[in-house]
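The values are calculated or read from the model by the stated rules, or taken from the named source; none is laboratory data. Quick caveat, the model's predicted, so the values are computed rather than measured. Virtual Cβ from ideal backbone geometry, glycine too; neighbours counted across all protein chains shown.
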Amino acid sequence: MKIKHLIAACAAFVALATTSLQAVADDHAYTEGLVVNVAAIRTEYGKFDEYMKYLDTTWKAEQEAAKKAGYIISYRVVTVAPRGENDPDIYLVVNYKNWAALDGATAKVDAIAKQVEGSLDASNKGAVDRGKIRRILGSWTGQELDLK
C-alpha cells in the first residue's frame, strides 16, 4: 500500500512541476530567440571595396564553415551611411541559436581559422593587414525577444 502512495505522490509532484514550468513560461509576453552579435566597422577612406573583397572571400568562407559546423545560424553584412568620421559604415551581424552556442568560442574560431586560412599565424597576419583598411569601432551581443 505504501508503494502505491509513493507512486501517486511522485506522479502528483511531476504533474505539479510540469504545470509550474508552463505557468512561468506564460508569465512573459515573449520567448527567447536568437543571440545576435553585431560588429561596427569603419573602412578607411578609399578602402571600402578592398574590405568588401575580404568579406566576400575569407570572412564569408569562415562564416559558411561555422554555419556548416553548426556554430552559427546565419550572418549578413549591412552598410550604412556614417554620420561622422568615427561612425561605422559596415555592420557585421552573426546569429547564434542561443547563448550556449558561444561556449568554447575560442576553440571554434581557431578551428575555422585553420580550416579557411591554413594556420593561426596566417589568420593573425590577415587581421594585422586588415587593420590598414578598416577600424573595428566596437561590438555588442544581445538576444532577440520574440513577442508571442
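A few remarks follow.
Quick grid of which residues meet (1) of a type in the set (Phe, Trp, Tyr); (2) closer than 17 Å to SER123 by Cβ:
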{"residue": "TYR30", "(1), (2)": "yes, no"}
{"residue": "THR43", "(1), (2)": "no, no"}
{"residue": "PHE48", "(1), (2)": "yes, no"}
{"residue": "MET52", "(1), (2)": "no, no"}
{"residue": "ALA66", "(1), (2)": "no, yes"}
{"residue": "TYR71", "(1), (2)": "yes, yes"}
{"residue": "ALA81", "(1), (2)": "no, no"}
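- Residue list for region 86-109, filter: free of Cβ contacts under 8 Å to residues at least 12 places away in the same chain and of a type in the set (Asp, Glu): ASP103
- Single match in TYR71, TYR54 (criterion: in a loop (DSSP other than H, G, I, E, B), within 25 Å of GLY118 (Cβ to Cβ), at pLDDT 95 or above and touching a Lys or Arg at 6+ places or on another chain (Cβ under 7 Å)): TYR71
- For region 116-135, a residue qualifies if it is surrounded by 14 or more Cβ atoms within 10 Å (Cβ to Cβ) and part of a loop (DSSP other than H, G, I, E, B), and exactly one does: ILE133.
- Meets criteria (farther than 15 Å from ASP89 by Cα and either modelled with pLDDT under 95 or within 14 Å of the chain's Cα centre (by Cα) (or both)) for LYS60: no
- Residues of region 99-115 that turn out to be exposed (fewer than 13 other Cβ atoms within 10 Å of the Cβ), within 17 Å of ILE73 (Cα to Cα) and among the small types (Gly, Ala, Ser), as a count: 3
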